[in-house]
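Each reported figure results from applying straightforward, stated rules to the coordinates on display, with no laboratory input. Note that the structure is predicted; figures quoted are calculated from it, not measured. Methodologically, a virtual Cβ is constructed for each residue, glycine included, from the backbone with ideal geometry; neighbour enumeration extends over all protein chains shown.
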Amino acid sequence: MSIKIHIIPFEPRYKEGVIRLILSIQQGEFNIPITVEDQPDLQIIPDFYQQQKGNFWVAVTAEGEVVGSIALIDYGAGRTALRKMFVAAPFRGGELKLGQKLMDTAENWCREQGLSSICLGTIPKLVAACRFYERNGFQVIDAANLPPEFPRMAVDTRFYWKDMA
């Protein structure tokens, strides 16, 4: 039996599912003391992510359950920041490779838009995520070398850069 998952641009009807997915991973899996109030972008996804050269995608089951997300924010000069990459635990790895499909979706979109790089911030505690980024060609970059325009999150302490050119 194969699971059907569709990766589509965010639509407002998925807002609560996105919030539920992200908070369950942040709070439940990783004990990160963060709330939805700490992430006001989740209340205004279309305005925050889908304007200019940014986007937000959701991975949705046939039943309409949000099981993954990934977002990009354009911060000028052909550069984009990767945000909100989350995959529900039962959908990670294995044959499904949902995380890889989400990343491929974002990278292909960057190429189509002519964007030159992707930068992201994370925390070292997310060991599997860090390994995933490195397997996908992201290089660690020192915070001091981030472009000043990069939309840095206060909790992030490890940063990655990938040239898309």
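Values for this structure:
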item	result
Selected residue (only one of GLY114, GLY99, GLY54 is among the small types (Gly, Ala, Ser) and on the phi > 0 side of the Ramachandran plot)	GLY114
Hits in the stretch 49-61 - residues which are part of a strand (DSSP E or B) and either within 11 Å of the chain's Cα centre (by Cα) or of a type in the set (Lys, Arg) (or both)	ASN55, PHE56, TRP57, VAL58
ARG131, sole failed condition from (1) assigned to a helix (DSSP H, G or I); (2) surrounded by 13 or more Cβ atoms within 10 Å (Cβ to Cβ); (3) without any contact (Cβ under 8 Å) to a residue 24 or more places away in the chain; (4) not aromatic (Phe, Trp, Tyr)	(2)
Pair list, Cβ under 6 Å, 6 or more apart: the stretch 1-28 residue closer than 12 Å to GLN39 by Cβ and touching a residue at least 24 places away in the same chain (Cβ under 8 Å), other residue outside any helix (DSSP H, G or I) and of a type in the set (Phe, Trp, Tyr)	ILE22/PHE86
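Rundown of residues vs (1) over 18 Å from LEU146 (Cβ atoms); (2) free of Cβ contacts under 8 Å to residues at least 60 places away in the same chain; (3) in a strand (DSSP E or B), yes/no style:
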site: ASP47; (1), (2), (3): yes, yes, no
site: GLU63; (1), (2), (3): yes, yes, no
site: SER69; (1), (2), (3): yes, yes, yes
site: ILE73; (1), (2), (3): no, no, yes
site: THR80; (1), (2), (3): no, yes, yes
